[in-house]
Every structure is written in C-alpha cells, then in structure tokens.
Amino acid sequence: MNLHILALETSSRVCDVALLSVIDGHERTYVVSHEGTGEHAERLLPMVQEALDQAGIARTDVSAIAFGQGPGGFTGLRVACGVAQGLSYALGVPAVPVPSLLAAAASDTHNDAIRVVAQDARMNEIYAAVYAPQPNGDLVELQAATLVGVDDFAFWLGRQARQWRASQPGSIAVIGDALDAYPGLVLPGGLLLADAEAPVRLGLPVRATGAAVAQQARRFLQAGRVVQPAQAAPLYVRDKVAYTTAEREQGMGGNPKTQSAVQLVPMTDEHLDAVTALEARVQSHPWTRGNFADALKAGYSAKVAMLGDQVVGFSVVQHAPDVAHLLLIAVSPAMQRQGLGYRLVRQAELETRQAGLPALLLEVRPSNQSAVAFYTNRGFVQVGLRKGYYPNGSHPREDALVLQKGLDPLAGQS
C-alpha cells in the first residue's frame, strides 16, 4: 500500500514542509525549508507545491495532512493549522496534529535517555516536555508541554527528575534550542544546573522539523490518532498573554508577560513610600515605614522589583551569623502568578550563598496555603513551629511554620 504524508512545521522561525512517501515498501522523504520570521504565511503553500513536485505526485495522492501543533510562535502555529485544515478538508483526508516538542524529541535519534525537550519560548521562558524512548521506537510522554521560567528551569528539572526516573529508570538528557538561546543553563563543565539524584547530560540543540513531524504522523496514522479538519487546533501552553476587559477595569494594564522588563535593584530611602503602600495592600499586619527605614539602617539586604518607575515587589533578608532570614516578600496583586515571586526568592538564595551562609529561613502562616505551597515547591521544608507568632485580630494568635532551604556554597567557597 502506498502512503504519502504531507507535514507542515512552523512553530519556530524555520518553516518546514516534508513529504513522507512510501511506495512499494520503499520510503523516501522530500523536504523544503526556509528560515525567516514573519514569512510563513506567504511561503507555506508554494513550499507545499515544491515538495509535491519533487516527489512527482499530485495533491490528490496525499494520504494525510500532518502539522506541528506547538507549542511555539502564535502566528506560526495558526498558519500551519489553518493550511492543514484547508488541505485536509479540500482533499478529504485526515488531519494529524503532532506536538512540536514530541517531534523535537524524535529528532534526537541517537539518544536512548529520557529526553527533556527545552525550546526557547522567548520572554525569558522555556517550553518544556519530557519523553521516554521505548524499545519499539515510540516516545512515551512523562511530562506534557509546560511553560517554565529560565531562572526556574534548573530547580524544576532537579525536582521533577526523581519522579521521571521512578516511572522510567535511566539517564536524563536535555535537548532543544534553549541550550543555545540560554547558555547560562549550562555550567562550564557541561553539567546542567540541577539538583538531580543522578547526572543530567546534554543532548543536541534540536528543534522540531517537518521530517520528524511526518515520521510521528505515520505512527499516529497507524494508531488511528487523527482528527477531522474542524477539530484540528494548535497547542498553546502560555495561558496569559493579555489582560481581560474586567482586569483592565481593575487597573491592570500593559502586557502580563513583562518579567523581562522588571529589574531587581537595592531598596533605598526613595522607595520607602511605595514599599510601605504595597506592604499595606498585601499584608494584614504590615510593616510601617519606620520598620523599613530601620531595616535599611541595620544593613539588611533589601531589594525592590521595578517595572519602569513603579515598585511592583520587594524582599527583605537579614543575614545572621549562621543563617539568612527572609523577613518579608511581597508582589503587587497585578503582577502575581507571573514568576516575580520566584525571582525575588531566587535572588535571596543567591545573596545567601554569596554571604557564605548554608540556608535561608522564613516563617509563614499555616492558613496561607498558597504561600506554603509556593515555598514548598521552591524546595523549602518545615524545620519548626513558632507558637502564637502572628497576631490575628480579635482571634487567638496564629502559629508560624518555620521553613528552611539548605543551599550549596558557590564555587570556590569552602
């Protein structure tokens, strides 16, 4: 039985068209590729015709239309999906959506490890997914596509690696173009910055290709994993790219993904009014302006997060002789759940290590479950309980969970 799968892949700046042809048991792949941002829409259909001409077949000979469904660039994904829908409908053949990160994982054919695909998502973020190779050549998904901040990727990797190995023993390799886009992910010695139980090695800076999409589509087609044209859709994992009308009416403005524009700078007296106002907005028993001023005079390490000339977050850390104490951390409500809290904690961890201290300690209310989850996910563990630590209005005082995170010394420190 002859088979002709036309595959479109436009999730990156490279526009790829591949035609996988199997005729009388002989397999051959024809590829047409073009690199250029913003040119996918005008080039894709002519490239399709070029691939068909190379193979010497007509459009009516095509068995299925496959497309890389993402995640990736918004416009590119829409172009590939739209063209695939149109061709599938016009030719009366099934559409085969293929996750682009799966296609990237399949491109690293010489790697028998668990493959962590890390693709550049721009805005200081990474699209990540994890696949485990099987003896029959299939790739089993261990982690669906997700969005991870560049600064948090190493922590995320180290934390999740244990779970992946529990279900699929073996080594772990990180592949994908994020290795080229963010060289800081990798130590000079070649080891990824991750607190994993076993070494994490580096694979290739691969990306999804039309040929890889075609090969995965062949497997999907054999397994019946196809859709009708109207059901074909891109795969998006970046769930917040604009504020809703209701959010704008509440005073939220600009682009939610502005973390790359946020700068962390030392807190000074000029910031005290704004910091005090933000503290009053987010805390039931806030510090006063005098408390902040005293902290600066005492030499505490205090940082403010600046978006333009606006204070959108801050942290205050006391460096004691034996441990660092994260006294306060706050993020403006309009900037929450966008990674800024992680950046502030990460900065506190870095300065703790620079000070030669072995751990960062903090207190949190047990009733503040979101904060407890935030710190737990960041690697903090409970080491104590302070009875009646927090005021609680007319109710009995609330206990405090004492959480701590051990930190490795920086290179060169004893």
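Does G313 count as over 23 Å from S367 (Cβ atoms) and not hydrophobic (A, V, I, L, M, F, W, C)?
No; evaluated as a whole, the condition is false for this residue.
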Against the definition (modelled with pLDDT under 90, surrounded by fewer than 14 Cβ atoms within 10 Å (Cβ to Cβ), more than 30 Å from G393 (Cβ to Cβ) and over 25 Å from the mean Cα position of the chain (by Cα)), how does E249 come out, yes or no?
yes
Every residue in the stretch 32-51 that is of a type in the set (A, V, I, L, M) and either open to solvent by 70 Å² or more (accessible area, probe 1.4 Å) or closer than 19 Å to M1 by Cα (or both), please.
A41, L45
Test for A84: is it within 30 Å of V22 (Cβ to Cβ), part of a strand (DSSP E or B), in contact (Cβ under 8 Å) with a residue 60 or more places away in the chain and among the hydrophobic types (A, V, I, L, M, F, W, C)
no
Which ones in the stretch 392-402 are within 15 Å of S367 (Cβ to Cβ) and either of a type in the set (G, A, S) or over 38 Å from the mean Cα position of the chain (by Cα) (or both)?
G393, H395, P396, R397, A400
Note down all Cβ pairs under 6 Å where the first residue falls in the stretch 152-167 and is farther than 15 Å from I126 by Cβ, the second is open to solvent by 20 Å² or more (accessible area, probe 1.4 Å) and modelled with pLDDT of 70 or more, and they're at least six residues apart or on different chains.
W164/L142
Do we have A293 as hydrophobic (A, V, I, L, M, F, W, C) and not in a strand (DSSP E or B) here?
yes
Anything in the stretch 2-31 that is without any contact (Cβ under 8 Å) to a residue 12 or more places away in the chain and either open to solvent by less than 60 Å² (accessible area, probe 1.4 Å) or touching a Ser or Thr at 6+ places or on another chain (Cβ under 9 Å) (or both)? List them, or say none.
E27
Is there a residue being modelled with pLDDT under 95 and assigned to a helix (DSSP H, G or I) anywhere in the stretch 307-325?
no
In the stretch 303-346, what residues are surrounded by fewer than 21 Cβ atoms within 10 Å (Cβ to Cβ) and more than 27 Å from the chain's Cα centre (by Cα)?
D309, Q318, H319, A320, P321, D322, V323, H325, L327
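The values are calculated or read from the model by the stated rules, or taken from the named source; none is laboratory data. Predicted, not measured: the structure shown is a model, and the values here were computed from it. Every residue, glycine among them, receives a Cβ derived from its backbone with ideal geometry; neighbour counts consider all protein chains shown. All accessible areas refer to the heavy atoms of the entire protein, side chains included, with ligands and DNA or RNA removed. Shrake-Rupley method; radii C 1.70, N 1.55, O 1.52, S 1.80 Å.
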